[in-house]
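The values are calculated or read from the model by the stated rules, or taken from the named source; none is laboratory data. None of these values were measured; they are calculated from a predicted model. Ideal geometry is used to build each Cβ from the backbone, glycine not excepted, and the neighbour counts take in all protein chains shown.
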Amino acid sequence: MSTALSGLDGFDWTTPFIADACVLLQLPVRLGPPGLKPIRPELRVAGPVAPAVHAGSTDVFLEAIAQAVRGDVLVIDNNGRLDEGCIGDLIAGEAYVSGLAAIIVDGAHRDSAAIRAIGLPVWSRGTSPNGPLEARRRHVTALEAATCGHSTVTREDAVFADEDGVLFVALADCPRVIAAARDIATRELAQADRLLAGAPLRDQLRLTEYIERRAEDPDYTFREHVKRLNAALEV
């Protein structure tokens, strides 16, 4: 794993924790499209991005995998197309034996059963039995940058993905994002334990106090209130 991601060791992270950490640190929350789902719901992955822009031919994926290092995540830009499964079991197998951690496809995949058997985590917008029917003009930066939804990513980025979605963080920001996410997770777990022990969340977050303060200051937000209480950021 990249040293930038070493803080994930032993951390039961989720993408909501990572997203909340970005908000707390006033970093952009760079989301993948909401339709991206893992091939199995329990899957989770984090790793440096290996970008590739699809142009109707698998050679770009083979080149991207050849340039990648163990633990990288192949992020494929296929412009969200659902009319073709741009990867299948052979590319998934190539990525798996090459040590890649996962594949994220802004588009569709095929050969779902075979990919599940291989064991490589894959996220995509859906499936299509149809492969690409034509080659398109290859992007000059096909191995340098990929667009996933509204986010453009390069090898200077990391990707975090689970069943809640996909998001991207600059590798340089990962250590502090992960540290903040750990802190948020610790506080949220403590809140959940108190909730299950009988302390309502509205009491933990001093809802009555907030309502009284808001009556005096209409600009006072609940987010400010929660931050002042040093509670988990989830509102």
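Of all residues in the range 156-171, those that are surrounded by fewer than 21 Cβ atoms within 10 Å (Cβ to Cβ), of a type in the set (A, V, I, L, M, F, W, C) and in contact with a helix residue (DSSP H, G or I) (Cβ under 7 Å, 6 or more places away or on another chain) total 1. For the criterion of being touching a helix residue (DSSP H, G or I) at 6+ places or on another chain (Cβ under 7 Å), assigned by TED's automatic domain parsing to the domain that holds LEU31, buried (at least 17 other Cβ atoms within 10 Å of the Cβ) and assigned to a helix (DSSP H, G or I), ILE103 fails. Under the condition of being charged (D, E, K, R) and either at positive phi or at pLDDT below 95 (or both), the residues counted in the range 113-136 number 2.
Checked against (1) of a type in the set (A, V, I, L, M, F, W, C); (2) modelled with pLDDT under 95; (3) not in a helix (DSSP H, G or I), VAL23 passes all but a single condition, namely (3).
Restricting the range 53-91 to residues that are in a strand (DSSP E or B) and in contact (Cβ under 8 Å) with a residue 60 or more places away in the chain, the residue that is surrounded by the fewest Cβ atoms within 10 Å (Cβ to Cβ) is ASN79. Output the number of the condition that THR58 fails; it satisfies all remaining conditions of (1) closer than 15 Å to GLY165 by Cα; (2) of a type outside the set (Phe, Trp, Tyr); (3) touching a Cys at 6+ places or on another chain (Cβ under 9 Å). The single condition THR58 does not satisfy is (1). Looking only at the range 98-136, residues that are polar (S, T, N, Q) and within 16 Å of the chain's Cα centre (by Cα) come to 1 in all. Which of the residues spanning the range 1-30 are surrounded by 14 or more Cβ atoms within 10 Å (Cβ to Cβ) and within 23 Å of ALA68 (Cβ to Cβ)? Across the range 1-30, the qualifying residues are MET1, SER2, ALA4, LEU5, GLY7, LEU8, TRP13, THR15, ILE18, ARG30. Against the numbered list (1) farther than 23 Å from ALA95 by Cβ; (2) modelled with pLDDT under 95, THR14 comes up short only at (2). Candidates in the range 137-151 are the residues that are at pLDDT 95 or above and of a type in the set (A, V, I, L, M, F, W, C); of these, the one that is nearest to ASP111 (Cα to Cα) is CYS148. Looking at ARG202, ARG155, ARG214, which one is basic (Lys, Arg) and either within 16 Å of VAL23 (Cα to Cα) or modelled with pLDDT of 95 or more (or both)? The conditions single out ARG155.
Listed here are the residues, each with its yes/no results for (1) among the aromatic types (Phe, Trp, Tyr); (2) part of a helix (DSSP H, G or I); (3) on the phi > 0 side of the Ramachandran plot.
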| site | (1), (2), (3) |
| --- | --- |
| ARG138 | no, no, no |
| ALA142 | no, no, no |
| PHE168 | yes, no, no |
| ALA172 | no, yes, no |
| ARG176 | no, yes, no |
| ALA180 | no, yes, no |
| ALA192 | no, yes, no |
| LEU195 | no, yes, no |
| THR208 | no, yes, no |
